[in-house]
1. Ignoring ligands and nucleic acids, what accessible area does Tyr248 show with a 1.4 Å probe (Å², nearest 10)?
2. How long is the gain from Lys173 to Gln52 if the chain were fully straight, where each residue apart is worth 0.36 nm and the alpha carbon distance is subtracted?
3. Apply the Karplus parameterisation 6.51 cos²θ - 1.76 cosθ + 1.60, with θ equal to phi minus 60°, to every residue of segment 123-140 and state each ³J(HN,Hα) to the nearest whole Hz, in sequence, with x for glycine and proline.
4. Which length gain, in nm to one decimal place, applies between Ile67 and Ser89 when the Cα-Cα distance is subtracted from 0.36 nm times their residue separation?
5. Where nothing but the Cβ of Lys and Arg (+1) and of Asp and Glu (-1) is charged, how large is the charge dipole of segment 117-247 around its Cα centre, in debye to the nearest 20?
6. Tell me whether segment 48-165 comes out rounded, prolate or oblate; compute the Cα gyration tensor, take square roots of the eigenvalues as a ≥ b ≥ c, and use a/c under 1.5 as the rounded threshold.
7. Taking the Cβ of Gln253 as the centre, find all other residues whose Cβ is under 15 Å away and add up their charges (Lys, Arg: +1; Asp, Glu: -1).
8. Classify segment 100-183 as rounded, prolate or oblate from the Cα gyration tensor: take a ≥ b ≥ c as the square roots of its eigenvalues, call it rounded if a/c is under 1.5, otherwise prolate when a/b beats b/c and oblate if not.
Amino acid sequence: MILRFVRHDHQMIRFFRRIRLQLINENNTGNYLKYAIGEIVLVVIGILIALQINNWNENRKNSVAQIEMLSNLKEEFLKNQETLNNEISNHLFVATQTRALSELIGPEAKGVKPSVFNAMILGMCYLPQYYPSEGVINSIMASEQLSLIKNNELKYLITTWPGRYQAYSFNIKINYDYYMNHIYRFLSKNYPLKNMEVYSVFTDIGDVGPSRFSVDQETMISNPEFENHVEMRRLNADVLLTSAKSLYEFQEQLLAIIEIELSNPTK
């Protein structure tokens, strides 16, 4: 676009050059100065117009690129919200079951129905985790695409999302480490883990049924060591549920701003 105007300016310059030569030959100094000034003004105006058109064209291209990028990001996080919402339900199940188990434990506690107890133990052992799709947001973070986003709040949310997710994942790791180092070791000595398969989300691979060994519930739920493990798991489960809900609200805010930007692409 600029080259087109530059060629046009060259034509104008040649036109004015002929007039200048004519005025010089006629020894008309006053008119010569007027034409010289007019020539300079026209050249400057031509360049400014060319720059303006070029800027407009670049802004239009950036706007199209931003719409495409935000549309892809919206699609990615709509799927992530659906996934995270399912995991929040799982976190709630864990928090509910561990609380019920914690309330059951005591020095003279009485057992409950085996199916109820097995569900509680499953809640204690179950470690749900949110695995989001990160292809689009990682691409934005790793490239210069972030500069295309005009909304500063949206930029902030995008750049801080990885930290939010990592905080959630760190809490997951704490739970996993505690489970493997303490809870699993205790249960492997006091509870037949096969009993949890009846309630497992992996029953489609073919469970082998409950254990044929008996469970001494009252011995387990009157054990202070077991109480400590359950209480620690309950506290961690509450933290994870809160963390997952917070992450969901954060992503909901991100999606809301994306929707606003997509509805006002020329803003």
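The values are calculated or read from the model by the stated rules, or taken from the named source; none is laboratory data. Model, not experiment: these values are computed from the prediction. Positions of Cβ are generated from backbone atoms using ideal geometry, with glycine treated the same way; all protein chains shown enter the neighbour counts. What goes into the accessible areas is simple: the full protein's heavy atoms, side chains included, and nothing from ligands, DNA or RNA. Shrake-Rupley method; radii C 1.70, N 1.55, O 1.52, S 1.80 Å.
1. Approximately 60 Å² for this residue.
2. Net length gain for the segment: 38.1 nm.
3. Each residue of segment 123-140 in turn: x, 5, 9, 6, 10, x, 8, 8, 10, x, 7, 10, x, 5, 5, 5, 5, 5 Hz.
4. 4.6 nm
5. 260
6. Prolate, since a/c reaches 1.5 and a/b exceeds b/c.
7. So the environment of Gln253 carries a net charge of -1.
8. It is prolate, given that a/c is not under 1.5 and a/b is the larger ratio.
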